[in-house]
Ligand SMILES: [Zn+2]
Ligand SMILES: [Zn+2]
């Protein structure tokens, strides 16, 4: 088979249209497993062919250290998909987490990538024992330990915590896993020193992340650095939400769960824990700036979305509202924003910038003087 047959090369707009027109019930689910995999490239191609035939969409990473998958499966093919996984010893009985809030439109195509690691964590794995992980807790136990005063730590990136988190959790400021874990290690170091000073027992640490995978590494890393009482939420927020629902437990997670697909978020509780970054109104509507070279994630209320044409700033709005051929001309030779920061992390700074841009716009009529050259 030609290699390009194992990729989907259709245009995103076409894919989006296909997804909207599709009349198939879909189930969004995720799973991961740290497991030694051989001949990853061949495995990747075999999975692509099998799953493409089942109509599976989503994003899957395979590497020598395992698999990490977020997929949307036609509901009538779920058992066939299960069989496909179970037919390989490496993936047999791998537990699924099914998304609670799901319109079946979470992915537009099937992407399977061979990666160095299944999570880009930036950690030197050979420096510590990645299998020496913390205790896995179910939702009920996690809740009980929170009530007993445990230290709850969010192991996600800062932008994932904006629109929802556990009550009272420590939210790292870093926007990378590597940065967050260093921050947590320092925080714990201080806490442990404090406890020793007061002759108290070491604090109970509760880690959580989206699907549980990042806590595997985080807990092993913290244990390697001498913290003993480390626990992690089994199956992450996704499975916590399911357990809460199934067993009628109170949710100590408030708001929405940030997810890595077209939906951006799934609602866990009706609490709104964030404010619009542009006007400070209470809102947990998360969106990407529609100006394609910017694409910054931000919390933006409906009113601001209308006011700024779904953009983060007047400057992006001006570009976004131009005719498409002018936008293309403007973009030419301009690289897309570096992936270094994904989200607005200084809302006060953003509001200041918006005020300045609006004032300048009144004076000069444009925030992009380079456009007059383009137009002539
Ligand atoms: Zn607003
Ligand atoms: Zn923007």
Seminar exercise, completed: Sole miss for residue 348 among (1) closer than 29 Å to residue 253 by Cα; (2) away from ligand 1 (no atom under 12 Å from the Cβ); (3) surrounded by 14 or more Cβ atoms within 10 Å (Cβ to Cβ) is condition (3)
Exercise. Which one of these does residue 105 not meet: (1) within 17 Å of the chain's Cα centre (by Cα); (2) buried (at least 21 other Cβ atoms within 10 Å of the Cβ); (3) within 19 Å of residue 21 (Cβ to Cβ)?
Worked result: (2)
For this session: Filter region 274-289 down to residues that are more than 30 Å from residue 244 (Cβ to Cβ) and more than 14 Å from ligand 2 (Cβ to nearest atom), then give me how many there are.
Result: 2
Seminar exercise, completed: Checked 246, 271 against criteria (in contact with a strand residue (DSSP E or B) (Cβ under 6 Å, 6 or more places away or on another chain), more than 16 Å from ligand 2 (Cβ to nearest atom) and either farther than 21 Å from residue 169 by Cα or at pLDDT 95 or above (or both)); the one match is 271
Problem set entry | Every residue from region 319-335 that is surrounded by fewer than 20 Cβ atoms within 10 Å (Cβ to Cβ) and within 11 Å of ligand 2 (Cβ to nearest atom) | 320
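If you scan region 226-248, which residues turn out to be farther than 13 Å from residue 208 by Cα and part of a helix (DSSP H, G or I)?
242, 243, 244, 245, 246, 247
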Exercise. Under the condition of being on the phi > 0 side of the Ramachandran plot and within 10 Å of ligand 2 (Cβ to nearest atom), which residue from region 290-318 is surrounded by the most Cβ atoms within 10 Å (Cβ to Cβ)?
Worked result: 310
Problem set entry | Which listed residue, of 210, 141, is part of a helix (DSSP H, G or I) and closer than 23 Å to residue 100 by Cβ | 141
Exercise. Within region 148-161, is there a residue that is assigned by TED's automatic domain parsing to the domain that holds residue 175, part of a helix (DSSP H, G or I) and farther than 30 Å from residue 343 by Cα?
Worked result: no
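Regarding residue 283, is this residue at pLDDT 95 or above, over 30 Å from residue 131 (Cβ atoms), more than 13 Å from ligand 1 (Cβ to nearest atom) and touching a helix residue (DSSP H, G or I) at 6+ places or on another chain (Cβ under 9 Å)?
no
The values are calculated or read from the model by the stated rules, or taken from the named source; none is laboratory data. This is a predicted model, so every value here is computed, not measured. Don't worry about glycine lacking a Cβ; one is built from the backbone with ideal geometry, like all the others, and counts go over all protein chains shown.
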